[in-house]
Structures are given as structure tokens and as C-alpha cells.
1. Based only on other Cβ atoms within 10 Å, what is the fewest-to-most ordering of 246, 8?
2. If R0 is 30 Å, what FRET efficiency do you get for residue 130 and residue 195 from their C-beta distance, rounded to 0.05?
3. Round to the nearest 10 and give me the degree value, 0 to 90, for the angle of helix 48-57's Cα axis relative to the longest principal axis of the chain.
4. Taking 0.36 nm per residue of separation and subtracting the Cα-Cα distance, what length does fully extending residue 121 through residue 234 add?
5. Mind giving me the nanometre distance, one decimal, between the label points for residue 73 and residue 56, set 7 Å out from Cα along Cα→Cβ?
6. For region 172-270, just say rounded, prolate or oblate: build the C-alpha gyration tensor, square-root its eigenvalues into a ≥ b ≥ c, call rounded for a/c under 1.5, and beyond that prolate if a/b exceeds b/c, oblate if not.
7. For the chain, set up a Gaussian network in which alpha carbons nearer than 10 Å are linked by springs, and say which option among 159, 255, 35 fluctuates the most.
8. Determine the gain in length on full extension of the stretch residue 102-residue 157; use 0.36 nm per residue of separation and subtract their C-alpha separation, reporting nm with one decimal.
Ligand code: AMP
Ligand code: ZN
Ligand code: FE
Ligand code: FE
């Protein structure tokens with residue numbers, strides 16, 4: 001069987017649908033041999049129990065995380081791989097992100113209230129008790145309360161960047177994020193470069209001390225990766241790829257829809 005490792009997916013520790021164990025079992029059922037769970041700003045998925053189960057199932061787990069960063073007006077996601085899960089620096093950054101999100105969620109809910117959309121913070125936290133809460137969770141509650149029909153509508157009308165109820169909250173820079181990933185012995189990759197809207201920002205990001213680029217992403221055809229692979233060759237960086245599987249928040253991103261082969265996986269892990 002062809003070796004496939006999906007290097008980008010989410011569990012309910014951030015805005016994914018499945019528990020870490022359910023995701024691992026799905027990866028096995030879907031024929032993956034390698035996996036990196038990359039929740040937003042948290043590594044809570046990586047329990048001893050999960051790591052033991054991965055060994056039993058014969059799936060190689062690569063420690064992963066997707067950090068939210070800001071550069072100018074653009075939000076940029078940085079994937080960290082193969083770091084020490086016990087790193088104090090990295091766990092501290094996750095903790096700071098949790099505080100950032102708490103502040104930010106309160107501010108977003110306050111703004112929504114002025115549009116007669118009333119969601120209490122306690123309500124949000126008890127509806128999503130497992131981990132890091134972000135805009136997709138707020139969007140789901142807006143659907144449940146009948147204010148919007150889809151997540152897309154919630155982002156387009158209220159929560160998306162620059163929309164009336166958007167609030168970035170306190171932000172972290174790419175440089176400090178890369179520094180933490182490197183201190184933890186890990187490698188830092190630019191996530192989904194296709195989604196960066198401003199050319200100037202992309203140029204700036206590519207000057208950073210990265211180790212690689214997520215060249216294969218989600219539903220983008222493999223031909224789309226050529227441009228990004230050329231940049232990694234020029235810079236002697238590594239290549240990564242993953243689906244960004246979330247479950248119901250992004251139903252179109254199938255687990256394993258983008259992946260890396262054995263050789264690429266080993267380079268990221270080593
Ligand atoms: P947050 O972490 O709170 O900044 O939310 C980021 C998440 O929201 C990402 O995982 C995206 O998948 C999701 N997201 C961002 N923009 C949109 C959009 N326009 N429609 C649906 N989901 C989005
Ligand atoms: Zn997400
Ligand atoms: Fe992302
Ligand atoms: Fe993601």
C-alpha cells in the first residue's frame with residue numbers, strides 16, 4: 001500500500017469535530033500510515049493514551065500544531081512539527097494563545113450583541129467544553145440560534161476579517177512563533193500559502209526563518225503545488241502537505257485529500 005501521511009488536521013481540541021482518538025481511528029480506516037494532528041494553538045490532543053494507541057495501530061504520529069500569527073493586516077498560520085511535546089516555551093505559547101482567545105471571544109460576543117445576536121461566554125464554553133474556542137464555534141452557535149444559515153454566512157456577514165464583529169484580539173508575530181518552535185526542537189512551515197491574499201505579505205513571510213512550506217493543501221490540485229515546490233527548492237526548504245480536515249466545519253476537506261510520501265514524512269520527522 002502506498003505510504004501516505006496527512007500532516008494537517010484538527011480535533012475537538014480546537015475546531016475539529018472528532019476526538020483525537022476518533023481521528024486516529026479514522027486515519028487508520030482511511031489507509032494513512034502517518035499523521036500529524038495540528039490543532040489551532042494547542043497540543044492537548046497528544047496524550048500518552050493517543051500515542052500508545054498510534055503505536056498499536058501502526059500509525060506514526062508526528063507532533064504538530066498550527067499557530068495563529070498576524071503580519072500587517074493578514075492572519076498567517078504557521079505549522080510546527082516534530083517538536084518536543086514537553087517544551088516549556090511551546091506550552092507557554094499555547095497558554096498565552098488561550099488567554100488571547102478568551103479576551104477576543106468576549107470582545108466578539110460583545111460586538112455581536114449590538115446586532116441583537118446574544119451568546120453568553122459561559123454558553124459558548126459549555127457547548128464546546130473540549131479545547132480552544134474560535135470563530136468557527138461562534139459561527140456554529142449563530143446557526144443553532146437561527147441567526148445565519150451557514151458558517152460561511154456567519155464569516156461573510158459578521159466574523160470574517162474586517163467584518164463588523166471581527167476582532168483580532170492580542171496578536172503574535174511570526175518571528176516569536178518561529179523562535180518558540182525552534183527552541184522546542186521543531187520545524188516551522190508556512191501553512192496554506194495559497195490563502196494569503198496580499199502579495200506583499202507573502203513576500204515578507206517568505207523572508208522568514210522557515211523550514212518549509214505546506215505545498216500540498218486540502219482540495220487544491222497537485223498541479224497547484226508546483227509553484228510552492230519551486231520556492232522550497234530555491235531556499236532548500238522542506239515540503240509538507242495535508243488536508244486541513246476538520247469534519248463538519250469544512251465538510252469538503254476530506255482526511256488524506258492532501259498528504260506526503262514516506263521520504264518527505266521522514267525528512268520532517270528527523
Ligand atoms: P480563528 O482561529 O478563530 O481565527 O478562526 C480560524 C478558523 O476559521 C480557520 O480554521 C478557518 O478554517 C475558519 N475560517 C476562516 N475564515 C472562514 C470563512 N470565511 N468561512 C469559513 N471558515 C472560515
Ligand atoms: Zn480550523
Ligand atoms: Fe489554517
Ligand atoms: Fe488548519
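Throughout, read-outs are computed from the coordinates displayed, never taken from laboratory work. Since this is a predicted model, take the numbers as computed values, not measurements. We place every Cβ from the backbone using ideal geometry, glycine too, and count neighbours over all the protein chains shown.
1. 246, 8
2. On the way: r = 26 Å, r/R0 = 0.85.
So, using R0 = 30 Å, E works out to roughly 0.70.
3. 50 degrees
4. Values: separation 113, 0.36 × 113 = 40.68 nm, distance 4.71 nm.
Separation in residues times 0.36 nm, less the Cα-Cα distance, equals 36.0 nm.
5. Between residue 73 and residue 56, the simple spin-label model gives 5.2 nm.
6. Cα axes put region 172-270 in the rounded bin.
7. Answer for the Gaussian network model of the chain: 159.
8. 17.6 nm
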